[in-house]
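To keep things clear, I will list the structure first and then write my remarks on it.
No value in this document is a laboratory result; all are computed from the given coordinates. Note that this is a predicted model, so its numbers are computed, not measured.
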């Protein structure tokens, strides 16, 4: 499935291809995905995820309903959000695609996007070069942070690309450090499905 985010002033689209059996596209406004309001979308999404899950309980469906209800009320500008949820029993990972017009030196801007965070990292992220089919060369890092009230560390995969006329940052919360290896390939594939193209 491919979603499009257009900017009429620049005549460019951000195309985001994703596997709907793995990722749930979260609403940025209503109507969304054929639903005029959150209630019907939440009900349909819970049913879809439950049907593809090996085990689905009333408790798990209730929990997912609460998660989606909270996320449906949060619609930041200039970003797209997805939930990694191949199975209702899988701990969900929130992925955000944020974008803005290019600004400043490319290398400086990309490193800043990888290092910038609202939560202080316990150490600077290890950054490496990556390449995506639709975005070209960029940076990828793993940021570890301590969250108040939680004794463990939280890991976030962070990607940064410049694809004119946008700088794009992709972040995915993967839980504890043990979640990095299990999610990095999934997020790499997701990032590979993003492109910036002239508007049709």
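Odds and ends about this structure:
- Here is the size of the stretch 63-154 from its Cα atoms: Rg then Dmax, 15.8, 44 Å.
- Kirkwood hydrodynamic radius of the stretch 1-106, Cα pairs, Å: 15.0
- With 5 Å bins from 0: P(r) over the chain, alpha-carbon pairs, percent: 1, 7, 15, 18, 20, 17, 12, 7, 2, 0, 0
- Over the chain, DSSP H runs of length four or greater, each weighted -39,500 (n - 2.57), average out per residue to a 222 nm ellipticity of -8500 deg cm²/dmol.
- Considering only Cα atoms, the convex hull volume of the stretch 44-103 works out to 88 Å³ per residue.
- Most mobile of 185, 87, 105 in a GNM of the chain (Cα contacts under 10 Å): 105
- Residue among 44, 25, 160 with the largest mean-square fluctuation in a Gaussian network model of the chain, springs linking Cα atoms under 10 Å: 44
- Dividing the radius of gyration of the alpha carbons in the stretch 95-149 by their Kirkwood radius gives 0.99 for Rg/Rh.
- Here is the size of the stretch 99-200 from its Cα atoms: Rg then Dmax, 14.1, 49 Å.
- The chain: most fluctuating residue of 80, 47, 140 per GNM, C-alpha cutoff 10 Å: 47
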